[in-house]
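Okay, so here's the structure we're looking at.
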Amino acid sequence: MWIAWLFTPKKVFNVVIVDKTVLNTKCTEHCSFTWILDNQRYCKPDKDLYSVPKDYYGFFPKEDEKYAIHGLEVLSYPQLDSLVNVVDMTYFTDTYGIYYNEWYLHHDEKERSHIIYGGMNEKDLYFMRGMKNNKKLILTEFNDIESPTSGSVRKQFEEMFGLKWTGWVGRYFDQLDTLRTDEIPEWLIHGYMQQHDNKWSFSGPGIAFVNDDNRIEVLEHDQDLKSSVPIIETPEKWASYYSMVSEMKYPYWFDIMHTSQDNDVVSEISIKTTVRGDSIMSKNGIPSRFPAVIAHDKEDYKFYYFTGDFADNPIDPGLSDYRGIISLRWFLYNKHNAERESFFWEYYLPMMQKILTDYYSGIQHKKFIQVETNK
């Protein structure tokens, strides 16, 4: 399998990855996308394969709590124009950023603190606008336009791509009992207790919802949820087109977006509620169904928005160097991450392969036509 991968021809495909949330060289917010690029033998113009810790724009961690920032904002507008001209696609995998506690105190996300770097900015928008005008592929996803992105930048992004954030984000937790897990951020627990009579009496799995105005609601299994894990549902038309499963559990972060009719909704996230859960959702204006994948793959421009944290997957980077490794996926699942790993293999990977293959083939066809025209 490794030899077959090694002798598969490389395909030059110039990609700009933007990741502003890189705590260490594992680069969890974009490593699974780079995994796909390398597995499919997409390479840089110099014929080198993409490197997880090097080939992106954003926050670069160094030793002894030092860091470097090399995002699109360090480029001048003429440099951004030049970048648009030479690249084939861009993927904004995460703009949430890096915060004081997690960087200097190593507290991860257990309590909120002031930002060091992050958020989508005007230079990012300028670059994306150029990519859109040149009909080049743009991929974006969860938390690209939420906090700490400013309201004005968010509004411009929404208007540019026909989207509207509801203000809500959510996440599934396999355990809500704080004596049995340390996964739940302290700010989420404290915020909920302040709004709900100082109580946190949950146990078992559930889903937490957080609004931009700081409202927090929690739905727990059995009491509020018939199925504790959000389900991504894809109509047969799109499941067949992208070669992915029609139903897939999604146990991680997501945001709730509305979209214009000019875009296609490829998949939806469904929250299966009880009567009590439905009452909580309705009272707070939280829909039980909302887009998971929003696509605009048309002649005027090519754009995708994934409402989940899709590029963050617990995948072994060493497995990318094996052709046909997907056929052995059943032997690779870790029981502690089985749902997130199955999401990668059964949903994210086939969808991304289809998006990249179609787009790359389109580029090659245009080049061929141009050569023939110039003869």
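Key figures
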item	result
Value at 222 nm in deg cm²/dmol, rounded to 500, when DSSP H runs of n ≥ 4 in the chain each add -39,500 (n - 2.57)	-8500 deg cm²/dmol
The chain - share of DSSP beta bridges that are antiparallel (%, nearest 5)	70 percent
Radius 15 Å from Cβ of Thr8, net charge of other residues (Lys, Arg +1; Asp, Glu -1)	+3
Average Cα contact separation per residue, the stretch 270-375, under 8 Å, 6 or more apart, as relative contact order %	14 percent
Accessible area in square angstrom per residue, the stretch 179-333, 1.4 angstrom probe	48 Å²
Candidate aspartates and glutamates - alpha carbon under 17 Å from Lys123, same-chain residues fewer than 8 apart omitted	Asp19, Glu73, Asp81, Asp94, Asp144, Glu146, Glu158, Glu159
Residue with peak Gaussian network fluctuation, the chain [Cα springs, cutoff 10 Å], from Ile286, Ile271, Ile325	Ile325
Long-range Cα-Cα pairs in the stretch 261-345 (distance over 21 Å), rounded percent	55 percent
Neighbourhood net charge (9 Å Cβ-Cβ; Lys/Arg +1, Asp/Glu -1) for Trp253	-2
Spatially near lysine pairs across the stretch 300-375, Cα under 16 Å, sequence gap of 8 or more or different chains	4
Charge dipole of the stretch 82-166 about the Cα centre (unit charges at C-beta), most positive-ward option of Phe92, Met131, Asn121	Met131
Assigned charges on the beta-carbon of Lys, Arg, Asp, Glu; the chain dipole about Cα centre (debye)	1160 debye
The stretch 1-48: chymotrypsin sites (Phe, Trp or Tyr not before Pro) in DSSP coil with no more than 15 other Cβ atoms inside 10 Å	Phe7
Residue among Phe33, Trp103, Phe59 farthest towards the positive dipole end of the stretch 5-117, charges placed on Cβ	Phe33
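The values are calculated or read from the model by the stated rules, or taken from the named source; none is laboratory data. What you see is a predicted model; the values in this text were computed from it and never measured. Using ideal geometry, Cβ is built from the backbone for each residue, glycine included, and neighbour counts are taken over all protein chains shown. Heavy atoms of the whole protein, side chains included, go into the accessibility calculation; ligands, DNA and RNA do not. Shrake-Rupley method; radii C 1.70, N 1.55, O 1.52, S 1.80 Å.
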